[in-house]
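Asker: This structure is in structure tokens; I'll ask about it shortly.
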Amino acid sequence: KQWYQRRVRGHNKGRQRRKLGALLPDLSLLYSKAEGYDKFLHAHLASTDSTADHHHSYSCYVLFIIIEVMIKYLLLGWELELYTIHEAHYIYCYLEYLFSWLKQSVIRAHEQCLSGEAFEKRLVKRNKNMKRKKLERNHQMVLQMAEVYQTISRAYIKAFEGFAVQGKLNQFLERRFDDESLRFKHRFAPFNIAIPMPLEVTSYPTLRFIVDNAPEGRESELFKESLHHFTNVKGTLEKIPPQQSADHLAKVVKMNCVQLGLLINGHCKDSANPPILDFSVCHNVPFLKIT
């Protein structure tokens, strides 16, 4: 993991982001090679123990790094202020998709570790002079934080759908020459690699489509769904051991819960001003300000 971090090291966030995007084709090639090594390893060890499964020994780890790079690439866009307010919806849609893949890769890696430990136990039984190595794993915390960020992404998706239905994003959606699907393809062009499968624009519900098909009063339901997700995150963060990053995240989540409660009760309902994203507390999870 350290080798790719060295390639993007530096204080210039813009250069970091460009390097992360340029790194994805190399990582995709590495993944295909890792799959080949996994097949070779599985075939080689199958003669020793037919019950062992080594199909994802290397490729699972490479997949985790690829997804981590993609997430970092998107989050740096917030720090560099590259996104406009109406782009937040599909940015969080893609983040929700990536965190789902991240969770799957961690679960797969954990299963691989369990399979490896079972294989090692059988070897120890056959060879009494062999000593088992204790493995230290912190996958539970990684899995928990992936779940937190995925739920946060869902909360923002519903919140921005509510803002769009309420008319707070009309000044962006009614531009004559604007094409949301074209912007979507442009923003995620570096992600056009084999693994993970890129999120296609055809599977993305555009804000324009959501607004055109929303029944009356739909914004209140969307805000309630967003509040539900933020409330779930707040409960999860309260169970996590104290750490600075989690504390900042919890503070933003609590403020957003209050703001969404006000929106559900009709706060600034007639205002056409778009929401303001405040990153002063947490650099990639904003507080929603409504004026």
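The values are calculated or read from the model by the stated rules, or taken from the named source; none is laboratory data. Predicted model, so just to flag it, every value in this text is computed and none were measured. Using ideal geometry, Cβ is built from the backbone for each residue, glycine included, and neighbour counts are taken over all protein chains shown. All accessible areas refer to the heavy atoms of the entire protein, side chains included, with ligands and DNA or RNA removed. Shrake-Rupley method; radii C 1.70, N 1.55, O 1.52, S 1.80 Å.
Asker: Can you work out the FRET efficiency for the pair Q144 and K224, with r the C-beta to C-beta distance and R0 = 22 Å, to the nearest 0.05?
Answerer: Plugging the Cβ-Cβ distance into 1/(1 + (r/R0)^6) gives 0.30.
Asker: Given Cβ point charges of +1 (Lys, Arg) and -1 (Asp, Glu) and nothing else, what value in debye, to the nearest 20, does the dipole of segment 174-252 about its Cα centre take? All intermediate terms of the calculation are to be shown ahead of the outcome.
Answerer: Values: 11 positive and 12 negative charges, 56 e Å.
Its charge dipole is roughly 260 debye.
Asker: Can you tell me which of 85-93, 259-267 comes out highest on packing, and rank the rest after it, using the mean Cβ neighbours within 10 Å?
Answerer: Per-residue Cβ counts within 10 Å, averaged per peptide and sorted highest first, yield 85-93, 259-267.
Asker: How much length is gained on full extension from Q171 to A194, taking 0.36 nm per residue of separation minus their Cα-Cα distance?
Answerer: Working: separation 23, 0.36 × 23 = 8.28 nm, distance 3.63 nm.
The span from Q171 to A194 would gain 4.6 nm if fully extended.
Asker: So, taking all protein chains as they sit and a 1.4 Å probe, how much accessible area belongs to H44, in Å² rounded to tens?
Answerer: Looks like 110 Å² after rounding.
Asker: Would you kindly state how much longer the chain becomes between N12 and H248 on full extension, computed as 0.36 nm times their sequence separation minus their alpha carbon distance, in nm to one decimal?
Answerer: 82.6 nm
Asker: Given an 8 Å cut-off on Cα distances and at least 6 residues of separation, report the relative contact order of segment 182-286 as a percent. Display every interim value, and only then the final one.
Answerer: Working: 46 pairs, mean separation 24.4, N = 105.
Rounded, it is 23 percent for segment 182-286.
Asker: Work out how much length S100 to F40 would gain on full extension: take 0.36 nm times their residue separation and subtract the Cα-Cα distance, in nm to one decimal.
Answerer: Value of the extension gain: 18.7 nm.
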